[in-house]
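Have a look at the structure below, then the notes.
The values are calculated or read from the model by the stated rules, or taken from the named source; none is laboratory data. None of these values were measured; they are calculated from a predicted model. Counting neighbours? That spans all protein chains shown, and the Cβs are built from the backbone with ideal geometry, glycine included. These accessible areas exclude ligands, DNA and RNA; they are computed on the full protein's heavy atoms, side chains included. Shrake-Rupley method; radii C 1.70, N 1.55, O 1.52, S 1.80 Å.
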Amino acid sequence: MTTTTEALSATTLLRFATAGSVDDGKSTLVGRLLHDSKSVLTDQLEAVERASASRGQDGPDLALLTDGLRAEREQGITIDVAYRYFATPRRRFILADTPGHVQYTRNMVTGASTAELTVILVDARNGVVEQTRRHAAIAALLRVPHVVLAVNKMDLADYEESVFAAIAEEFTAYASELGIPEVTAIPISALAGDNVVEPSANMDWYGGPTVLEHLETVPVAHDLAHCHARLPVQYVIRPQTAEHPDYRGYAGQIAAGTFRVGDPVTVLPSGRTTTISGIDLLGKPVGVAWTTQSVTVLLADDIDVSRGDLIVPTKDAPATTQDVEATVCHVADQPLTVGHRVLLKHGTRTVKAIVKDIPSRLTLDDLSLHPHPGQLVANDIGRVKVRTAEPLPVDSYADSRRTGSFILIDPADGTTLTAGMVGESFAAPDPVKDEASDDGWDF
């Protein structure tokens, strides 16, 4: 007989994020998903019921299932990214409930950076607003494959089809301009439970899936045959024991693609070539390994490989460069300025770098560009040019979200300053001539 653990391990995993304006009902939707999918423990529900009763509410406030910070509960808003894990018989989920305030845009970037689907909520009474466009633009920048438009509070709009249709049409047109490949619009009432887990009896004009049904059936894109295979080396394993006197393995989590025993590979940035002589997975040899598996790779030749190196197929090796141009979201309170000395962390490799130029800052409200702003402050999204002290094997973010991304770190205290996405985006400006002084950092 198949156990529950075995059944869950056989199901696919979907990472998704929720976003929307303040009071659009994100936390209530998440709470409804957890409650109606029987993913809430009895003591959790009892605690929510007690907290709701103390506020004079008739029923449980399901938003309290995700708004865990004291400030969030007191203000009735989401501030931090709340991660929740739940499962149904068809799929496992990691959910990131992100805040809606403009000043917490960086939190949405964090939550959606690994998401394969984003649920953007819109209040049926207000329609598409500035923050809706902002979140759609972020989803496009982060190359989120699937976007769900959840038109919430349909109960307050008398469940009118015309209200839903107008909002869906406006949002879909805007998403198309951003290059978002797929939008699924669903009319819901998170408070009443309409079309969240169960189909709504109040909207018989809607024949599409519920939110949970769509989450359970949306394709999870793991087309390994067309991925650029990449293995960032995290650790060199050399036990030097009597049982394993000559064992030398290179451990890491496969960031993309598939590796097989016998594959010719190149180690970057050195450029040395060899072949894979063995792959160990969970202590046992295997012939093939793929994306997200943590493995130890053995190479046919004794070459210099250390933490931070990247193992790639010889026929599909990325070019190495010291000049990185990217779209970034600044996440620190300290501004990022031209000439800023930073550490750039790409995969498992960290190198010194300097910000050579900030060609433009993007205004998400209308997608206009502000040329040469001189600096980026918290929540700003813009283009930067960075010069690194050592060559880096980077992919375009459009090709690989894992090996096309990086972060900039303050070398003084280790604070994460900026999250970057290599290559062009829908907001890519025209090439701008470098005029910034390097302040003595000559790479």
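Could you please find all residues in region 113-130 being within 21 Å of residue 217 (Cβ to Cβ) and either open to solvent by 10 Å² or more (accessible area, probe 1.4 Å) or within 12 Å of the chain's Cα centre (by Cα) (or both)?
114, 115, 116, 117, 118, listed by residue number.
Matching residues to (1) within 13 Å of the chain's Cα centre (by Cα); (2) among the aliphatic types (A, V, I, L, M):
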| residue | (1), (2) |
| --- | --- |
| 97 | yes, no |
| 102 | no, yes |
| 132 | no, no |
| 141 | yes, yes |
| 145 | yes, no |
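Among all residue pairs at least 6 apart or on different chains, which show Cβ distances below 7 Å where the first residue, located in region 241-270, is closer than 14 Å to residue 286 by Cβ and the second is open to solvent by less than 50 Å² (accessible area, probe 1.4 Å) and acidic (Asp, Glu)?
That search, which allows pairs on different chains as well, returns 249/280.
Just for strands (runs of 3 or more DSSP E) wholly inside region 326-375: which have at least 3 residues that are modelled with pLDDT of 90 or more and farther than 16 Å from residue 410 by Cβ?
Fully inside region 326-375 and qualifying: 349-363.
Can you pull out the residues in region 156-202 that are hydrophobic (A, V, I, L, M, F, W, C), in contact (Cβ under 8 Å) with a residue 40 or more places away in the chain and open to solvent by 80 Å² or more (accessible area, probe 1.4 Å)?
The one that is hydrophobic (A, V, I, L, M, F, W, C), in contact (Cβ under 8 Å) with a residue 40 or more places away in the chain and open to solvent by 80 Å² or more (accessible area, probe 1.4 Å): 191.
Kindly establish whether residue 350 is touching a Leu at 6+ places or on another chain (Cβ under 6 Å), without any contact (Cβ under 8 Å) to a residue 60 or more places away in the chain and surrounded by fewer than 23 Cβ atoms within 10 Å (Cβ to Cβ).
Criteria met by residue 350.
Within region 58-80, is there a residue that is under 22 Å from residue 15 (Cβ atoms), modelled with pLDDT of 70 or more and in contact with a Ser or Thr (Cβ under 6 Å, 6 or more places away or on another chain)?
No - not one qualifying residue is present in region 58-80.
Condition (residue is hydrophobic (A, V, I, L, M, F, W, C), assigned to a strand (DSSP E or B) and out of contact with any helix residue (DSSP H, G or I) (no Cβ under 7 Å at 6 or more places or on another chain)) applied to region 213-229: is it met by at least one residue?
No: region 213-229 contains no residue that is hydrophobic (A, V, I, L, M, F, W, C), assigned to a strand (DSSP E or B) and out of contact with any helix residue (DSSP H, G or I) (no Cβ under 7 Å at 6 or more places or on another chain).
Yes or no: residue 204 more than 18 Å from residue 136 (Cβ to Cβ) and part of a loop (DSSP other than H, G, I, E, B)?
Answer is yes for this residue.
Hey, could you check region 203-212 for residues that are touching a residue at least 12 places away in the same chain (Cβ under 8 Å) and more than 22 Å from the chain's Cα centre (by Cα) and say which is most open to solvent (accessible area, probe 1.4 Å)?
It comes out as 205.
Say we look at region 320-342 and pick out the residues that are open to solvent by 30 Å² or more (accessible area, probe 1.4 Å) and among the hydrophobic types (A, V, I, L, M, F, W, C); which of these is farthest from residue 377 (Cα to Cα)?
338
Hand me the list of strands (runs of 3 or more DSSP E) wholly inside region 235-296 holding 1 or more residues that are touching a Gly at 6+ places or on another chain (Cβ under 9 Å) and closer than 16 Å to residue 316 by Cβ.
258-260, 272-281, 288-290
On the given criteria, is residue 144 closer than 30 Å to residue 264 by Cβ and among the aliphatic types (A, V, I, L, M)?
no
So which residues in region 286-319 are among the small types (Gly, Ala, Ser), in contact with a Phe, Trp or Tyr (Cβ under 8 Å, 6 or more places away or on another chain) and open to solvent by 10 Å² or more (accessible area, probe 1.4 Å)?
none
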